[in-house]
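Taking it in order: structure first as structure tokens, then the write-up.
The values are calculated or read from the model by the stated rules, or taken from the named source; none is laboratory data. This one's a predicted model, so the numbers in the text were calculated from it and none came from an experiment. Note that each Cβ is placed from the backbone with ideal geometry, even for glycine, and that neighbours are counted across all protein chains shown. Accessible surface is based on the protein model in full, side chains and every heavy atom, while ligands, DNA and RNA are left aside. Shrake-Rupley method; radii C 1.70, N 1.55, O 1.52, S 1.80 Å.
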Amino acid sequence: MLDIKLIREKPDVVRERLKTRRSAVDIADVLALDERRRAAITEADRLKSERNEVSKRIGALKKAGEDTSDIQRQTREIGEQIAARDAEIREIEETQRRLLLAIPNLPHDSVPEGGDASGNVVVREWGAKTEFPFAPKDHVALGEALGLFDFERAARLSGAGFPLFTGPGARLERALIQFMLDLHTTKHGYVEVSPPHLVTTATMTGTGQLPKMADDMYHLPADDLWLIPTAEVPVTNIYRDELIREPLPIKRVAHTPCFRREAGAAGKDTRGLIRVHQFDKVEMVRFVPPGTSYDALEELVGDAEAVLQALGLAYRVLLLCSGDMSFAAAKCYDIELWAPGHGGWLEVSSCSNFEAFQARRANIRWKTPEGRNEFVHTLNGSGVALPRLVVALLENGQQADGSVLLPDALRPYMGGLDRLTPRA
RNA sequence: GGAGAGAUGGCGGAGUGGCCGAACGCGCCGGUCUUGAAAACCGGAUCCCGCGCAAGCGGGACGGGGGUUCGAAUCCCUCUCUCUCCGCCA
């Protein structure tokens, strides 16, 4: 949510920057509403001040034993006017909040302008794409030969898009989760949390998934709860409606399943693990003082990259352009892994600075050293998403004999196993 | 699921219709004293909104929402959450 004061004071700047997001929203309505709202508040406050004064007088008169029924009748009328004004204010504020919730965040100055993914900028690449003396297989062929997953039987359970990991595949998932959590907690200073996977509508609104993304999420109407599409939602909302007293920055890391309906992506990447309705992810979340959030974003990207470097996987980092960023982000980097079997780059991480956008929605504040209460800046980044990491691991590690070499860093988590070998 | 109790400032805890943004204690900040510290004493401290260049003025907030009343922390309704007991249960 944008600050209404910013919209009021610098409407042209806001318009300008919103335009770069391909956002169709118009702030004229919000501004008109804001005008009406303030006028109504001024009037209501004046009436209340009047009523307070008269009420005080009634108290004094009664104490003196005088009759006050006349003056009371008059005051009742003031009360009715106040009630009407308050109702008007409430209605205006509701509408205004609804409009504000639909306005995306403003892109940071350093974000390139662009309409779609073609405007994204590669800021760096790490590692060399794996070369093969044979035609590399894709992860589906490899995984089935190695007995890592079973898509056919999985479909029997939940339909398409819900993977069933089996044997060494299930262990690989567990090993990767463990490895990533250990790395972030011991090397990068995050505190591990394990949050609920079902959350309320208020929680989904706090981070910006609702109201806009309702169709992309799983909803349980009987309890009005939502399955989380990312750990960002519960972890960021841990501090909702709070004045944080502990020192910033706060750094949290969580492993959770993520549930996505992928409503708009029907027919895309339907094969294998690349686009699924349920997957596991390790997610990093930071709450930081506003002045430090862009440094924190660079660090956060580095934390995600450290995972891939430790696993020896080639990747590139993209700076997303204004038109390709998610709704709540002010600046966002994507990290993509090279997948030779797939023959392309796969997004495994998205690291964003939301500035105060989420904090304002979710009402998360801190006390500055000067003692002022101020909205924090929130950030989050995948560190990283599992299925596509598995894809890259398999496709890059494959050998001529059909086995897959595991990175050294992972072996302790695989009971010393250094490679996955095909079933007899 | 059933029965009961409760929710007040950073914490504890008073307050049952006007004198309450809220006693008192702890903690916090500033000062006096001290070589320094502690103790003691004195003083100060909530947040949100509106108006105003500002000093300031006004309004609102005692879990959330609604109601009664000239006036609500206080009375009524409702929701949420917490605690205790019973039942069920991974």
Would you call A:Ile177 open to solvent by less than 30 Å² (accessible area, probe 1.4 Å), among the hydrophobic types (A, V, I, L, M, F, W, C) and within 20 Å of A:Ser326 (Cβ to Cβ)?
no
Could you tell me whether A:Ile89 is modelled with pLDDT of 90 or more, within 12 Å of RNA strand B (Cβ to nearest atom) and surrounded by 15 or more Cβ atoms within 10 Å (Cβ to Cβ)?
yes
From the residues in segment A:206-250 that are among the acidic types (Asp, Glu) and within 27 Å of A:Val384 (Cβ to Cβ), which one is least open to solvent (accessible area, probe 1.4 Å)?
A:Glu232
Report those strands (runs of 3 or more DSSP E) wholly inside segment A:223-299 carrying at least 2 residues which are among the charged types (D, E, K, R).
A:250-259, A:278-288
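Looking at segment A:76-86, which of its residues are hydrophobic (A, V, I, L, M, F, W, C) and within 8 Å of RNA strand B (Cβ to nearest atom)? Write out each step before concluding.
Keep residues of segment A:76-86 that are hydrophobic (A, V, I, L, M, F, W, C), which gives A:78, A:82-84.
Matches in segment A:76-86: A:Ile78, A:Ile82, A:Ala83.
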For A:Arg316, state whether it is among the basic types (Lys, Arg) and not in a loop (DSSP other than H, G, I, E, B).
yes
Got a number for residues in segment A:14-52 being away from RNA strand B (no atom under 16 Å from the Cβ), among the acidic types (Asp, Glu) and touching a helix residue (DSSP H, G or I) at 6+ places or on another chain (Cβ under 9 Å)?
2
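Filter segment A:274-295 for residues that are open to solvent by 20 Å² or more (accessible area, probe 1.4 Å) and not small (Gly, Ala, Ser) and give the result.
So in segment A:274-295, the residues open to solvent by 20 Å² or more (accessible area, probe 1.4 Å) come out as A:275, A:277-280, A:289-292, A:294-295.
Within segment A:274-295, A:Arg275, A:His277, A:Gln278, A:Phe279, A:Asp280, A:Pro289, A:Pro290, A:Thr292, A:Tyr294, A:Asp295 qualify.
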Give all pairs with beta carbons closer than 6 Å in which a residue from segment A:155-166 that is assigned by TED's automatic domain parsing to the domain that holds A:Cys258 meets a residue that is β-branched (Val, Ile, Thr); count only pairs at least 6 apart in sequence or on separate chains.
A:Gly161/A:Val276; A:Pro163/A:Val276
Filter segment A:135-155 down to residues that are over 11 Å from A:Ser403 (Cα atoms) and in contact with a Phe, Trp or Tyr (Cβ under 6 Å, 6 or more places away or on another chain) and give me whichever is surrounded by the fewest Cβ atoms within 10 Å (Cβ to Cβ).
A:Ala154
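For residues that are part of a helix (DSSP H, G or I) and of a type in the set (A, V, I, L, M, F, W, C), scanning just segment A:92-108, find the one that is nearest to RNA strand B (Cβ to nearest atom).
First, the residues of segment A:92-108 that are part of a helix (DSSP H, G or I): A:92-101.
Now restrict to residues that are of a type in the set (A, V, I, L, M, F, W, C): A:92, A:99-101.
On the way: A:Ile92: 12, A:Leu99: 16, A:Leu100: 13, A:Leu101: 17 Å.
That would be A:Ile92.
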For A:Ala83, state whether it is open to solvent by less than 50 Å² (accessible area, probe 1.4 Å) and part of a helix (DSSP H, G or I).
no
